[in-house]
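One structure is given here, and the rest of the page talks about it.
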Amino acid sequence: MKSLFHLAIHVTDLDQARQFYGGVLGCAEGRSTDTWVDFDFFGHQLSLHLGQPFATTRTGKVGHHMVMMPHMGVVLRLDDWLALADRLESHGVAFDIPPVIRFQGEAGEQRTMFFFDPAGNPIEVKGFADFDGLFAS
């Protein structure tokens, strides 16, 4: 069964969050109050609430990279990933890990990129030419 996820995280400024998630990432805004806002995060429900974002550390060793933990993300089809990478670059987003191919020629070959939202929440976006490789070992 395929399901949608719901994730609720803290941000420090809803206007900045709206500009980033709506304006930069292109996510449609949903319901909101004066303390939270929902976004359609690539088909999933992301709720951003005012508060202190979670603490992160660079402790996740994946391939040749040490990635921020914890982090959130999404897996896109490769053409959508390439379009998003171009969109982020055109908006001047600073990448923590620039767009790169990971596990090239191996099971689970993927594209990945890491960046932060304005509140410092780390985001990873993966791209797969074939979703069957997502759980390949």
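Every number in this text was worked out from the coordinates using simple rules, so none of it is lab data. Note that the coordinates shown come from a computational prediction; the quantities given were computed from them, not determined experimentally. Counting neighbours? That spans all protein chains shown, and the Cβs are built from the backbone with ideal geometry, glycine included.
Overall, the chain carries a charge dipole of about 300 debye about its Cα centre when +1 sits on the Cβ of Lys and Arg and -1 on the Cβ of Asp and Glu, all other atoms neutral.
Put in line by how crowded their Cβ is, counting other Cβ atoms within 10 Å and starting with the fewest, D79, D34 read D34, D79. Estimated from helical segments only, the mean residue ellipticity of the chain at 222 nm is -3500 deg cm²/dmol, where each DSSP H run of four or more residues counts as -39500 (n - 2.57).
Other residues with beta-carbon under 15 Å from the beta-carbon of M68 carry, at +1 per Lys or Arg and -1 per Asp or Glu, a net charge of 0. Counted over all Cα-Cα pairs of the chain, pairs farther apart than 17 Å make up 61 percent. Count the net charge of all other residues whose Cβ sits under 11 Å from the Cβ of L46, scoring Lys and Arg as +1 and Asp and Glu as -1. It works out to a net charge of -4. Before anything else, pin down the relative contact order of the chain: Cα pairs under 8 Å, at least 6 apart, normalised by residue count, whole percent. It comes to 22 percent, rounded to a whole number. Dimensions of the range 57-133 based on its C-alpha atoms, expressed as ranges along the principal axes with the largest first, amount to 33, 29, 16 Å. The residues packed around G133, meaning those with a beta-carbon under 11 Å from its beta-carbon, carry a net charge of -3 if Lys and Arg are +1 and Asp and Glu are -1. Listed by Cβ neighbour count within 10 Å, with the fewest neighbours leading, I9, I101 appear as I101, I9. In order along the range 2-11, the Karplus-derived 3J(HN,Hα) couplings, from 6.51 cos²θ - 1.76 cosθ + 1.60 at θ = phi - 60°, round to 8, 10, 9, 9, 10, 10, 10, 9, 8, 9 Hz, and Gly and Pro are given as x. Just how far, in whole angstrom, is the range 99-115 from the range 19-85 if you go by their alpha carbon centroids? Between the Cα centre of the range 19-85 and that of the range 99-115, the gap is 18 Å. Ordering L84, L48 from the fewest to the most neighbouring beta carbons within 10 Å gives L84, L48.
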